[in-house]
Structures are given as C-alpha cells and as structure tokens.
Amino acid sequence: MDAREMKVKAAEAALAHVEDGMRLGIGTGSTAEEFVRLLAEKVHGGIRVEGVPTSERTARLCVELGIPLKSLEELPELDLTIDGADELDANLTLIKGGGGALLREKIVAAASGQMIVIADETKLVDTLGRFPLPIEVNPFGLAATRIAIERAAEKLGLSGDLKLRMSGNDNFMTDGGHYILDASFGRIPDAEALSGELNSIPGVVEHGLFIHMASFAIIAGPAGARTLKAK
C-alpha cells in the first residue's frame, strides 16, 4: 500500500462518522483532499451536509466537486471537523500548518463538537518536532517577532533555524495575509509550555501546535486503518 492508498483508507474510515444533516469543518492538505473527494461521492448519492472549508484551496476543490459550502459566520457552530496533521503523538497533540492554513484550521476545529484527525502512520511520532513547527506571524515587526520567538525557544531549551517560508521568489502569504516562520526545533518535549510562550508574543498570530483539540485519530498503515485515542 503506497502513501496515497493509506491516506484514502484513513479518509474512508473518517467518512463513516459523517451523518446526514451534519455541519462539517473540512480540512486542508493531501489527506483532507482525499476525504473531500470521498465526501463528494456521498453528497452526489444524496447525503446532506454543509461544509466550512479551512482554506481557499479546500473551498475551490469543494466547489469543483459540488459540496455545499457555508462560511463560519453562517455556521458558527459545527458538529464535526475532519482534518489531517503533519505530526501527532500518542496524546493526540498535533503539528499542523504545513499547507499554511493553521489559523483557519484551528478556528474551525475550535468551533466543532468533535475533531477527527486522519493521517498515515508516518505522521505518528514519539515526540513532536521532527516536522518544522509553522508559526504564523504578522508582517509588521517581523524581525522583532523572530527575536522574541528565538528567546522564548531558548528559555525552554529549544534551538534550531527559524526560516521564513517562501513561495517561489516571494514570501509565502497565508489566506489571512500573514507570513509563516517554520521553526526546526527537532524535538518539542513540552508542547504546552511552548504554546504558552508563543501565545504571549504579540507578533505571533497563531502557531501549529494543536493541543487537546482532537477527539481521536484514524491512522492508516499497510494493514489498514486503526483508531487512536489520547492516552
């Protein structure tokens, strides 16, 4: 089973939790897109759902495939969000934001009664941090914000490059008009402490640590999909 097949397996298992009439948060990324394609088949088969996309990219795919969409203003409370992750640990703490949609993903997940994470088994790690942590920042005061992040990391014994994400020759811009600093810490032993430090920095809009947000995860591997609940 190749990587895409594992993503499809995870998406199929998550789709079983979608019920008629649900208000859905629809995630961003390659695994979430497999879910979108499968959901579209169910919609064409008659299931009624209303989706709130977590990015413009996801919105375009949903429109192309005929999935009814609403804004979060129209549907401020959701039944379920299904989204991927760049990394997750046994406590279902996540790193998200590899696709640049972390702010909207976190807002949508927080507005949902449940969040199901779908991922292939390569995303499951003992300690977060192998995947660079996306930190969404305001363009104003970028240098000052970078210094503040470096000092916060040092306070927690973390080190590593902070790299401004690029898109070709230009700075990558999120859907909200912000930049992203990717922090290569290597290991993040205390995600809650790092989250608190980052949240205290005025120039940090949001970060990719999702803590106590996932209800459970569906992890796909060569043997099929399994459900992972927090320890």
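The values are calculated or read from the model by the stated rules, or taken from the named source; none is laboratory data. Model, not experiment: these values are computed from the prediction. Methodologically, a virtual Cβ is constructed for each residue, glycine included, from the backbone with ideal geometry; neighbour enumeration extends over all protein chains shown. Protein only, heavy atoms only, side chains kept; ligands, DNA and RNA dropped before computing areas. Shrake-Rupley method; radii C 1.70, N 1.55, O 1.52, S 1.80 Å.
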Name every residue in the range 4-30 that is farther than 18 Å from GLY221 by Cβ and charged (D, E, K, R), in order of residue number.
GLU19, ASP20, ARG23
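If you take the residues of the range 86-136 that are among the polar types (S, T, N, Q) and surrounded by fewer than 21 Cβ atoms within 10 Å (Cβ to Cβ), which of them is nearest to GLY186 (Cα to Cα)? Give the steps one after another, and end with the answer.
Our first condition is that a residue be among the polar types (S, T, N, Q); within the range 86-136, this holds for 91, 93, 112, 114, 122, 127.
Checking which are surrounded by fewer than 21 Cβ atoms within 10 Å (Cβ to Cβ) leaves us with 91, 114, 122, 127.
Working: ASN91: 18, GLN114: 30, THR122: 16, THR127: 9 Å.
Selected residue: THR127.
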So how many residues does the range 179-194 have that are part of a loop (DSSP other than H, G, I, E, B) and surrounded by fewer than 19 Cβ atoms within 10 Å (Cβ to Cβ)?
5
Among the numbered conditions (1) open to solvent by less than 70 Å² (accessible area, probe 1.4 Å); (2) under 21 Å from SER55 (Cβ atoms); (3) part of a loop (DSSP other than H, G, I, E, B), tell me where ASP175 comes up short.
(1)
Got a number for residues in the range 195-231 being open to solvent by less than 50 Å² (accessible area, probe 1.4 Å), in contact with a helix residue (DSSP H, G or I) (Cβ under 8 Å, 6 or more places away or on another chain) and free of Cβ contacts under 8 Å to residues at least 60 places away in the same chain?
2
